[in-house]
Amino acid sequence: MPFSLHFSPTPLITAPSPLSKPFFLVPYYHTLYAPKSPPCSSTEHALTHQGKQEAFDRRPEDSQTLPLGLRRDAMPSHVAVIMDGNRRWARLRDLPVRSGYEAGVESLRKIVEICCKWGIKVLSVFAFSSDNWFRPKVEVEFLMSLFERGMQEDTGIFFRENIRISVIGDLTKLPKALQELMVNLEEATKNNTRFQLIVVVSYSGHYDVVQACQRLALKAKCGLIEPSDINVSLMEQELETNCTEFPHPDLLIRTSGEFRISNFMLWQLAYTELFFAQSLWPDFGEAEFLKALLAFQQRQRRYGV
């Protein structure tokens, strides 16, 4: 049964109550080229989730069996995803672009469920890059509304399933209501420990490194540190990924057959294993995710040694 949730909107950040829809999304070392999977039909991605909560109702202790060949001791702690191909998916089906993003929401929901079920601790998703601000205004406004709607509707599941939400990027460019929503959700879920979803919005790797350098420069100017004190450890404390126990992704997945990292987590990906899938993001499901994880577990990570 496909992963699906349906909840009724509730005031953000109160007690847990049922609800539906998260958000969606947008390397250098060993790479693996995955064969293209057959595309799913638009019907399979229809956003109708009334009453279907069975998937996430299963607690981790009820789902200890991993797919054949997958080893729990070699599972990545942190998986990052560049969710590419939403617009192409829609155009191939003569659907409006917004339908591609909405279908991408469903794929993200499936991957979140799988991460919880298989014991992955952190998932970072590139939801909106700094460059995406240059897309058509109507498209950007729809994406902002989809972020807001998804976060409001999924608040209950984050509480009930012990999921922590973190949002990184230059949030000052977002609509004020969305900024407030994200800050409130981060604060409300900060003590949740089962799984962490990091939503990467209005972000670039260049931005992250520059803002970290600016913060260190300000500390040096104020006499809090000496310039000679600055090292890798201090730098990483100022990067946006300081919100997680596992700041360096073990595995980066990019969908849609593109072979680039698109200015995503440039510092953090130094030793990350890369997997490039041919599937467009809305077609990326459990089978494709399993291929990526099996490929990851077959590699030897030497960290330059």
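Read-outs throughout are calculated quantities, based only on the coordinates presented, and are distinct from any laboratory measurement. Please read all numbers here as calculations on a predicted model, not as lab measurements. All Cβ positions, glycine included, derive from the backbone under ideal geometry; neighbour counts span all protein chains shown.
Side notes on the structure shown:
- Taking 0.36 nm per residue of sequence separation and removing the Cα-Cα distance, the LEU66/LEU224 pair yields an extension gain of 52.0 nm.
- At R0 = 30 Å, FRET efficiency that the Cβ-Cβ distance of ARG149 and ARG194 yields, to 0.05: 0.80
- 22 Å Cα-Cα threshold exceeded, pairs from LYS121/LYS291; LYS137/LYS190; LYS190/LYS219; LYS117/LYS190: LYS137/LYS190; LYS190/LYS219
- Between the residues ILE225, TRP267, ASN86, the greatest Cα displacement towards the positive end of the dipole of the stretch 71-297, with unit charges on the Cβ of Lys, Arg, Asp and Glu, is found for ASN86.
- Other residues whose C-beta falls under 9 angstrom from the C-beta of SER262 contribute a net charge of -1, scoring Lys and Arg +1 and Asp and Glu -1.
- For a modelled paramagnetic label at GLU286, 7 Å from Cα along Cα-to-Cβ, the residues of the stretch 99-114 in reach, with backbone nitrogen under 17 Å, are 106-114.
- Each Lys or Arg adds one and each Asp or Glu subtracts one; over the other residues with Cβ under 13 Å from the Cβ of LEU181, this totals -4.
- LEU92 paired with VAL138, simple spin-label distance in nm, labels 7 Å along Cα-to-beta-carbon: 2.4 nm
- Proximal charge balance of VAL97 [Cβ under 9 Å; K/R count +1, D/E count -1]: +2
- Subtracting the Cα-Cα distance of LEU234 and THR172 from 0.36 nm times their residue separation leaves 19.9 nm of extension gain.
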